[in-house]
Structures are given as C-alpha cells and as structure tokens.
Amino acid sequence: MSTLWRVADVVSGYPETETSRTIGLRVDGLMGNLPGQHIDIRLTAEDGYTAVRSYSVASAGRDEIMEITVDELANGEVSPYLVRDLAVGDQLEIRGPVGGWFVWRPTDTNPVQLIAGGSGIVPLMAMIRAHEASENTSPFRLLYSLKSPEAGFYREELLTLSEKSRKLTIDYVYTRKVPQGWPTAPKRLTAETLLANILPPDFYPETFICGQTIFVETVSEWLVQAGYPAASIKTERFGGTGGTR
Amino acid sequence: MGIISSGFHGRRQAENPATPPGQYETGSFPVLTAGPAPDIPTEDWEFFITTGEGQRQTWSWEAFMALPQADIRTDIHCVTSWSKLGTSWRGVSLDTLFEDVQTTSEFTTAHSYGGYTTNLPLRDLLDGRSWVAWEFDGAPLERAHGGPARLLVPHLYFWKSAKWINGIELTQEDVPGFWESNGYHIHGDPWREERYS
C-alpha cells in the first residue's frame, strides 16, 4: 500500500543548480513510478518532531531507485536540509509514489505539450524520460520558462535531447536573463509568446502545466481563452503551501 | 518513531490540538486544482439534488440566496498537509437543501462545473456538517477558490469540499470520484489520516 511509510536509502546526491539538488533514493521492493507522480518525504528530528513535504519524482525507471530534485526555498523548513545537509548513506522515510491524474502513460497516443515554470520541470522530466525510453512515437513539446539559463534543471540532458531526439522539441522563455547571443531580451511570459511556442489547438495536445500557483493559473487561463479544451489541460502546483516547503 | 535525521531541527509550531496528525498550520489559502478554473456567472448557476428514485430538485442563484443562510467558522485541512484554522464562511446548510428530499440512498456524488466529482456518504453531509458556501472572509468566494459557490465539508480533507459545485447526486453505492479514482482515499477523514488509497 502506498500509504505506508517506507525507509529509503539515499544513494546519490548531486547539485542541479546553485540552489537545488537531485537526490537518488533506493527503496526495497519499489517498482518505480508513473511519470508525474510524487512522493511524500518525512524527516524526524532527534526529539521526535516530524515534517512531511511532497516532491515530484524526476526519474521514470521501473526499478528500486527514484530521483527527486529539490529546490531550496529561502524560508523552507525541509528543503534546505535536503539540499545542504542530507548525505549519501543517510536514510529517510517516504510514502508513495502517489497520484494517478497528473501522469503520462506510454499508452497515451495524443501529442503532448509540457509547460514548466522553474522547478516545475521535475514531473515533466519524468514524462520526457519515460517517453524517450518508450516506443511511443507521439510528439512531445516542452516549453520551459526560466529566470535565467543558470536556473535550468537537467541542462545537459535537455541539450542532448534537443539535438538527438526525433520526438521531442524544446522551447525556452527567459524572464530575467537570457543566454549569450539569444535573439530577444528577457521578458515576462505573455499569452502571445506562450501561444507561439506550443502545439496549436488543432493538434489536440494533452497539456501538462507545472510551476508555482500564479504561473499555472495564468498559463491555464490563457490556454482556455485560446481555445484549448479545459479537459485537455492538467495542472500541478507548488509553492502554494504557505511557502514553507 | 521513524528514522532520525541528525541535523534536522525543523521549525516547530506550538502544539495545537485543532491540527490533525501530519498537518501544519498555514496563514495563506493555497489553491490546488486539477485543471483550469471554470467561469460560471451566477445567472447561469444552478444547484441540483437528484435521487435514485427519480426526484430532481433545482435552485437558481436567486432561489438559493433566498434560503436561510448560515455563518460558519471552521478549520480546514488539505491532504497536501496544510491546515488553516478559524476560517469564516457563509452559505446554506445541506440540511436546508435536503429538507424535502426523500431517499433510501446512503451515498452521494458531488458534481462540479468543469466535470470534477467527489463521493461522500450522505451522513457526512447532514446534521450541520456541510454547506454550500458562497462567501469567504466576508467577500464573495473567488473563482480560484471555487466561486460562485463550493461545497464545504470541513471535517473531511478539503478535496471533498468540491469547488464550483453544481449539485449532489444520491447513489446506492459509494462510487469513487475524481481524486478517489486517482490514488486518494475513498473517505478522507484527516483525524484518521485517510490520505491515500
């Protein structure tokens, strides 16, 4: 049952950006996760105090190892510990993987549009990885909205995929700082920019949006106004829980 | 006690007996939904109750607002671990809406504009335990939070308090709704931590 707490061994940890880290967790008997699912992590202090937070799974393997990528929140209770202090060889407790809605399955045949704001890329990366590893030939397109090039997760992997994958297209929007030689200045994401960089409605894409609440609200509103059926849009938010993740 | 993370201290909140196990208090009101928010003008809004026996009752916004209104002060608990204590709402008790309903059904499915559903035993809706709420903190309920009106069943996890409520269908069986079909608990009592299926 997914409701039980299980012990996970920390088997890897490497920095993703200056403020984030990808952590590998091994759980006995785990059979991987559906792309898009999350896990709950429980930390226990020496006096028994516990804190639980949810993190999307970034990996898409069907084995005993899952990877999460945690972005450190300045006032966070759990994320600074996971990014700065947790060490390979440590153990923690997890519940899950959980969720059957914000998931992509290799048997899904529609084209897929992924829209990520910042660290909202994590569950979408699991979908990209599962798609690349599968026989599924439907086109995937990712729009990745970032403050700066340095804030991007999975940069090398996405670069390689953008060069080699025949079924994935990646577009970037930079809101504060652009890479050298980028054709446009950094700017806030607008409806016009959004719609110019995603699959049009007549492709009937399934759309997955993940990011902070305001990003998800705004983008999904623009999509509905542009004629994408609400039923084709799936959303996942974070940073909505009082900013204490 | 679980695995201890030495070096993890956490940020303790004062123990509050109003907070169910595994929940922490938040001052904000997070928005969590599965997709875009539907836009329902009150002119087009309608609330229905249907029974397995073929009875159907409906209320327009005007008729709904003419019903006795209740002020509710309650704590709410989201399955994603936040609790918000002492929230203020105004709305119509389900006891009022069910006054003329005769049924042998023991279960219900709440239907929302936009297609969301959630299942609730009828006993969880009656006896002053649920409302159709249209005001939050003294102001009309915002669309992002389920306006014009949402179900309010504060003694269960908040996904049961369906936003953009359209009506209640009485059912003979407990039929899993949207989140209940997607990994979440069929009942959702926060005091028993009925989070996941």
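No lab work stands behind these numbers, since they all come straight from the coordinates. If you're wondering where the values come from, they're calculated on a predicted model, not measured in any experiment. Heads up, the Cβs are rebuilt from the backbone with ideal geometry, glycines too, and the neighbour counts pull from every protein chain shown.
Shown here are the Rg and Dmax of the Cα trace of segment B:102-197, at 12.9, 37 Å. With Cα atoms as the point set, the radius of gyration and Dmax of segment B:52-142 evaluate to 14.3, 40 Å. Straight-line cross-link reach from B:Lys163 at under 25 Å between alpha-carbon atoms covers these lysines, not counting any fewer than eight positions away in the same chain: A:Lys234, B:Lys84.
Taking the Cα atoms only, what angle lies between the long axis of helix A:213-225 and the longest principal axis of chain A, rounded to 10 degrees? The helix A:213-225 is inclined about 30 degrees to chain A.
Model label sites at A:Thr109 and B:Ser60, defined 7 Å from Cα along the beta-carbon direction, differ in position by 4.6 nm. In units of the compact-protein estimate 2.2 N^0.38 Å, chain A shows a Cα radius of gyration of 1.00. Computed over Cα pairs, the Kirkwood radius of chain B leads via Stokes-Einstein (1.306 mPa s, 10 °C) to a diffusion coefficient of 90 µm² per second. Distant-in-sequence amide contacts of A:Lys234, defined by a placed amide H-H separation under 5 Å and a gap of 5 or more residues or a different chain, comprise A:Thr207, A:Phe208, A:Ile209. Overall dimensions of segment A:117-224, expressed as equivalent-ellipsoid semi-axes from the Cα gyration tensor (√(5λ), whole Å, largest first), are 21, 18, 13. If every alpha-carbon in the protein assembly as shown counts as one equal scatterer, what log10 I(q)/I(0) does Debye give at q = 0.06, 0.11, 0.14 1/Å? Once normalised to I(0) and log-transformed, intensities are -0.27, -0.91, -1.37.
Once the mean of 1/r is taken over each pair of separate Cα atoms and inverted, segment A:67-106 shows a Kirkwood hydrodynamic radius of 12.6 Å. For the protein assembly as shown, the mean residue ellipticity at 222 nm estimated from helices alone is -3000 deg cm²/dmol, where every DSSP H run of n ≥ 4 contributes -39500 (n - 2.57) and the total is divided by all residues, rounded to the nearest 500. Peptide A:43-56 has a mean of 5 when you count, residue by residue, the C-beta atoms of other protein chains within 10 Å of its C-beta.
In chain A, taking the dipole from charged Cβ atoms about the Cα centre, the farthest positive-side position among A:Val10, A:Thr22, A:Leu199 is held by A:Leu199.
With a Förster radius of 35 Å applied to the C-beta separation of A:Arg62 and A:Ala230, the computed FRET efficiency comes to 0.65.
Could you give the semi-axes, largest first, of the ellipsoid that matches segment A:73-174, computed as the square roots of 5 times the alpha carbon gyration tensor eigenvalues and rounded to whole Å? If you can, show how the numbers build up before the last one.
On the way: eigenvalues 145, 70, 34 Å².
Result for segment A:73-174: semi-axes of 27, 19, 13 Å.
With R₀ set to 30 Å, the beta-carbon distance separating A:Glu18 from B:Ile3 gives a calculated FRET efficiency near 0.60. A cut-off of 5 Å between modelled amide H atoms, ignoring neighbours fewer than 5 places along the same chain, links A:Asp171 with A:Leu142, A:Leu143, A:Tyr144.
Shown here: segment B:145-196, whose C-alpha atoms stretch 30, 25, 18 Å along the first, second and third principal axes, sorted largest to smallest.
Over the residues of segment A:37-115, compute the C-alpha Rg and express it relative to 2.2 N^0.38 Å.
Working: Rg = 15.1 Å, N = 79, 2.2 N^0.38 = 11.6 Å.
Here the Cα radius of gyration is 1.30 times the empirical estimate.
Using the Cα coordinates of segment B:15-86, the gyration tensor eigenvalues translate into equivalent-ellipsoid semi-axes of 32, 17, 15 Å, sorted from longest to shortest.
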